[in-house]
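What follows draws every value from the coordinates through simple rules; no lab data is involved. Just so we're clear, the structure is a prediction, and the values are computed from it rather than from any experiment. Virtual Cβ from ideal backbone geometry, glycine too; neighbours counted across all protein chains shown.
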Amino acid sequence: MGNPASRSRAQRLEALSSQQFDVVVVGGGINGASSAAALSARGLSVALIDANDFASMTSQESSNLVWGGFKYLENYEIPFVFKLCRSRNRLMKAYPTVISEVSFLATLDKTSPFPNWLAALGTVGYWGLGLFATKRPGYYRPKTIKKLEPVINTETASGAIDYRDGYLKDNDARLVWTFVRSAIDAGAVALNYVRATDAHWDEANGGTWTLDLIDTPTATKHQIVANAIVNAAGPFVDSFNDQLDLQTKSRVVYSKGIHIVVPKLTDGDRVLAFFDETQRLFYVIPMANRSVIGTTDTRTDDPGEGVTPEDRAFLLAQINLRLDLESPLTEADIISERCGVRPLVVENDGDDREDIDWTSLSRKHEIEVDAKRRIVSIFGGKLTDCINIGEEVIDEFEGFDMAPGPASDDWYGEPPEEERQQFMRRAEVHGLHRTPRVEQATSMAELLWRRHGVAANAVLDTIDTDPLLAVEAFVDSDILRAELVVMAERELIVTAEDFFRRRTKLALIHRVEDLEADPGYDTALRLLGLRSTEGARPIAG
């Protein structure tokens with residue numbers, strides 16, 4: 001059926017139904033994407049499906065950070081922090097153009113839950129748990145804070161700590177797509193907007209699963225047969241296990257976290273950290289030419305709950321107290337919002353846990369296995385933990401009667417440096433050494449490689465075919481029209497929102513109405529193979 005990366009949707013649907021897979025991964029967030037990439041790289045035949053778009057729930061609503069969890073030291077989760085730091089280090093080494101080291105400047109005042117000396121000691125311990133892989137931490141007095149970041153209100157500050165972690169230069173959903181693409185390149189069949197409506201286990205002939213599917217874009221019914229299931233449904237892991245008639249020791253509860261995106265608040269590239277009035281850390285995080293403020297941590301029972309007026313008011317009040325701005329931020333300054341639920345793991349004992357300290361719940365993940373029916377369920381998880389989850393899923397499959405092939409680290413990471421250098425030389429010939437308008441990068445060529453890896457060569461091939469596609473697709477962006485052609489072919493874009501919100505971060509750093517009014521908008525939809533409907537808001541749906 002040709003190159004798996006360029007199959008049409010009809011071909012992918014046919015591939016789902018026409019073969020028996022070793023495993024079907026249900027859920028295309030970071031857990032499902034990393035599992036599919038790891039399993040495919042070990043020689044197993046893999047199908048990856050998601051009821052919506054890849055990374056369309058929790059995995060598109062993070063803080064865009066790859067971190068070891070400094071704040072988890074408060075609850076003495078030292079082994080967990082050590083594990084996350086190691087995974088962070090591996091990700092930063094494997095994706096050097098995608099993830100960069102960033103400074104966190106955390107201002108301490110009366111809202112801080114511990115004294116300055118203890119906070120400073122914590123940064124040293126955190127640095128050690130990270131195996132000294134980042135620059136050393138520091139401590140600053142209020143006068144130095146003001147010199148480093150004049151925007152910070154230091155009237156009540158008693159000092160600041162500086163420590164390092166990883167930062168996604170693009171967006172979290174783009175990293176998820178990188179793992180989906182890795183799985184596809186290794187032979188997996190991946191499809192978004194495919195919902196599993198029922199599942200049937202047949203013990204005959206060694207046991208197989210048959211899943212009934214609905215393809216939302218075509219409203220057609222299909223089936224997929226597989227020897228095993230990975231339940232990576234994120235916030236919906238419990239409901240899918242109910243479909244599988246599976247009882248587990250763990251379940252998830254939801255913590256809602258929101259971010260608001262506003263015009264850039266500081267000239268620096270640091271992450272600014274503060275303690276809010278509940279003594280919880282929140283951040284001002286750079287994103288291209290914007291600042292992202294968040295996150296909150298509130299209990300909810302609805303995985304689809306959005307941002308409330310109270311959420312906005314809380315974050316705006318907190319940041320206005322801690323920054324010296326010419327005028328306070330208001331709702332009118334909000335460019336976009338992010339709202340996601342973190343599925344937190346608790347014991348499946350029937351306790352609704354109303355009386356617990358909500359913020360003390362661990363962010364650890366749990367993996368449970370039904371060996372007889374070959375079901376692997378993933379509860380919880382974090383972006384930083386994705387390599388660990390992929391490897392742990394592989395370990396579980398070692399115990400099935402369908403052992404994966406030889407171990408390899410090739411299932412994640414950027415292509416070799418030699419390939420990047422070859423691309424950079426070719427891109428310079430195309431005049432793509434020019435400085436980007438919006439993004440933090442040395443050149444447009446760097447951006448292309450960061451977003452596409454080896455597929456950036458396909459962008460240059462497209463420009464060779466039509467040089468007019470070498471221009472930016474929108475007035476205030478660094479996305480080339482040639483990229484849209486390549487992404488339409490390779491990236492399973494079904495709706496405008498898939499492109500503007502997840503394959504890129506355009507809908508995060510621009511107001512939706514500004515994008516839809518951009519002179520390049522209609523051309524972009526045409527190049528993506530999409531069409532807008534008069535009177536509709538295609539980015540939002």
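Prolate is the label for segment 115-212, because a/c, from the alpha-carbon gyration tensor with a ≥ b ≥ c as root eigenvalues, is 1.5 or above and a/b exceeds b/c.
When the chain is described by a simple charge dipole with +1 on each Lys and Arg Cβ and -1 on each Asp and Glu Cβ, the residue from ILE319, ALA36, ALA488 located farthest towards its positive end is ILE319. For segment 70-135, the convex hull spanned by the alpha carbon atoms encloses 90 Å³ per residue. If you look at the Cα atoms of segment 265-347, you get an Rg and a Dmax of 13.8, 49 Å. Hydrodynamic estimate: the Kirkwood radius of segment 253-396 over Cα pairs, inserted into Stokes-Einstein at 25 °C and 0.890 mPa s, corresponds to D of 141 µm²/s.
Could you please state, rounded to a whole Å, how far the C-alpha centre of segment 226-252 is from the C-alpha centre of segment 19-94? Each part's Cα centre sits 17 Å from the other's.
The distance linking segment 137-188 with segment 418-441 is 25 Å (Cα centroid to Cα centroid, whole angstrom).
Each Lys or Arg adds one and each Asp or Glu takes one away; over the other residues whose Cβ falls under 12 Å from the Cβ of LYS221, this sums to -2.
Got a sec? Charge dipole of the chain, +1 on Cβ for Lys and Arg, -1 for Asp and Glu; which of SER56, PHE80, THR308 is way out at the positive end? Among SER56, PHE80, THR308, the one farthest towards the positive end of the dipole of the chain is PHE80. The helix-based estimate of mean residue ellipticity at 222 nm for the chain, built from -39,500 (n - 2.57) per DSSP H run of four or more residues and divided by its residue count, is -9000 deg cm²/dmol to the nearest 500. Computed from the C-alpha gyration tensor, the three semi-axes of the ellipsoid equivalent to segment 213-290 are 41, 21, 11 Å, from longest to shortest.
Take the alpha carbon gyration tensor of segment 7-58, find the square roots of its eigenvalues, order them as a ≥ b ≥ c, and report rounded if a/c is under 1.5; if not, report prolate when a/b exceeds b/c, else oblate. Cα axes put segment 7-58 in the oblate bin. Take 314-322, 300-308 and order them by the average number of nearby Cβ atoms within 10 Å per residue, most first; the result is 314-322, 300-308.
Taking Cα centre as origin and charging only the Cβ of basic (Lys, Arg, +1) and acidic (Asp, Glu, -1) residues, the dipole magnitude of the chain rounds to 1520 debye. Considering all different alpha carbon pairs of segment 370-471, the Kirkwood hydrodynamic radius works out to 17.0 Å. From the largest down, the chain spans 71, 61, 48 angstrom on the principal axes of its Cα atoms. Charge dipole (Cα centre; +1 on Lys/Arg Cβ, -1 on Asp/Glu Cβ; no other charges) of segment 249-315 amounts to roughly 240 debye.
Before anything else, pin down the relative contact order of the chain: Cα pairs under 8 Å, at least 6 apart, normalised by residue count, whole percent. Worked out over the chain, it gives 18 percent.
As a quick test, which of the pairs LYS147/LYS264; LYS83/LYS264; LYS83/LYS169; LYS146/LYS382; LYS83/LYS135; LYS169/LYS264 have an alpha carbon distance above 27 angstrom in this structure? List each step's numbers first, then the result.
Values: LYS147/LYS264 18 Å; LYS83/LYS264 33 Å; LYS83/LYS169 23 Å; LYS146/LYS382 33 Å; LYS83/LYS135 19 Å; LYS169/LYS264 15 Å.
Correct reply: LYS83/LYS264; LYS146/LYS382.
Eigen-decomposition of the gyration tensor built on the alpha-carbon atoms of segment 156-311 gives equivalent ellipsoid semi-axes of 41, 20, 15 angstrom, largest listed first.
In this entry, segment 28-146 is assigned a mean projected area of 10.1 nm², taken as a quarter of its C-alpha convex hull surface. Taking a ≥ b ≥ c as the square roots of the eigenvalues of the Cα gyration tensor, segment 464-521 is oblate, since a/c reaches 1.5 or more and a/b is not larger than b/c. Projecting the Cα atoms of ALA133, ALA190, SER158 onto the dipole axis of segment 128-202, where Lys and Arg carry +1 and Asp and Glu carry -1 at the beta carbon, places SER158 farthest toward the positive end. Under the convention that each Lys and Arg Cβ holds +1 and each Asp and Glu Cβ holds -1, the size of the dipole of segment 177-308 around its Cα centre is about 480 debye.
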